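Worksheet: one structure, shown below.
The values are calculated or read from the model by the stated rules, or taken from the named source; none is laboratory data. Remember, predicted model here, so these are calculated numbers, not experimental data. No Cβ is skipped: glycine too gets one built from the backbone with ideal geometry, and neighbour counts run over all protein chains shown. For the accessible areas, the whole protein counts, side chains as well, though only heavy atoms, and no ligand, DNA or RNA atoms are used. Shrake-Rupley method; radii C 1.70, N 1.55, O 1.52, S 1.80 Å.
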Amino acid sequence: MNIIWLILAVLIWGVAHSYLASSGAKKWMRRVLGENVMRFYRFGYNIFSVVSFLPILWLMVALPDRVLYQIPAPWVYLSLAGQLAAMVLLMVGVLQTDTLSFVGLRQLFEGKERSSRLVIGGLYHWVRHPLYTAGLLFIWLTPAMSQNSLVVFIAATVYILVGAFFEERKLEREFGEAYLEYKTATPMLIPGLHFGRNK
């Protein structure tokens, strides 16, 4: 039963997270609350995303659980080094975009978002979604895996893959041919690995 609760919790979080990130939700908020309130949207969205994930973490700890494996020394140090590398990649990926806009502070203080630009250099030269790659590396290199964490990690991985698919559709609408060319030349998540690449 705890598996169902965990999957349901991630599903609810994922649906809310995705809806609030959608153009439709932003248009509705803009219409109902006005343009001035939208300066708080991205910052509030990021806070909501973190705070609303806390119940999932609580369920992982509170529900009955059992350890599936624990990596012994000295191999555990390789796992921890991999997680550290994933965190560095995550930070570098964020810094390669407009970090203040990513967090929501630019909108908060300047009152508007800058026009988005297509980033294809740095980590984005190797994969189209380096933040997702880094996040997946971090969770799957965890040195100790329990039943509850495995369920959440699988659900989160599915959510990331589905989210990447919808994000790509949005980027194609936004950047058109430039994104299609980038998509053809650059793998989605794993450097050097293309699925269904157009020749």
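About the Cα centre of segment 41-158, what is the dipole size in debye to 20, counting +1 per Lys and Arg Cβ and -1 per Asp and Glu Cβ, all else neutral?
240 debye
Expressed in units of 2.2 N^0.38 Å, where N is the residue count, the Cα radius of gyration of the chain is 1.13. Using the beta-carbon distance between Ala144 and Ser116 and R0 = 41 Å, what value does 1/(1 + (r/R0)^6) give for FRET efficiency, to the nearest 0.05? For R0 = 41 Å, the calculated efficiency reads 0.55.
Remark: spin-label model distance Glu174-Val76 equals 4.1 nm, labels positioned 7 Å along the Cα→Cβ axis. Roughly what percent of Cα-Cα pairs across segment 45-157 reach past 18 Å? So the pairs more than 18 Å apart make up 64 percent of the total in segment 45-157.
Taking every pair of alpha-carbon atoms in segment 1-88, give the share separated by more than 16 Å as a whole percent. Of all Cα-Cα pairs in segment 1-88, 69 percent lie more than 16 Å apart.
Could you tell me what percent of the accessible area of the chain is made up of carbon and sulfur, with a 1.4 Å probe and every protein chain present?
Numbers: 9110 of 12750 Å².
Within the chain, the accessible surface is 71 percent carbon and sulfur.
Taking every Cα-Cα distance in segment 28-68 and sorting them into 10 Å bins from zero, the calculated P(r) comes out as 24, 30, 21, 15, 9, 0 percent. Per-residue packing, averaged as other Cβ atoms within 10 Å, sorts the ranges 3-10, 117-124 into the order 3-10, 117-124, beginning with the highest.
Accessible surface for the chain, divided over its residues, is 64 Å² per residue with a 1.4 Å probe.
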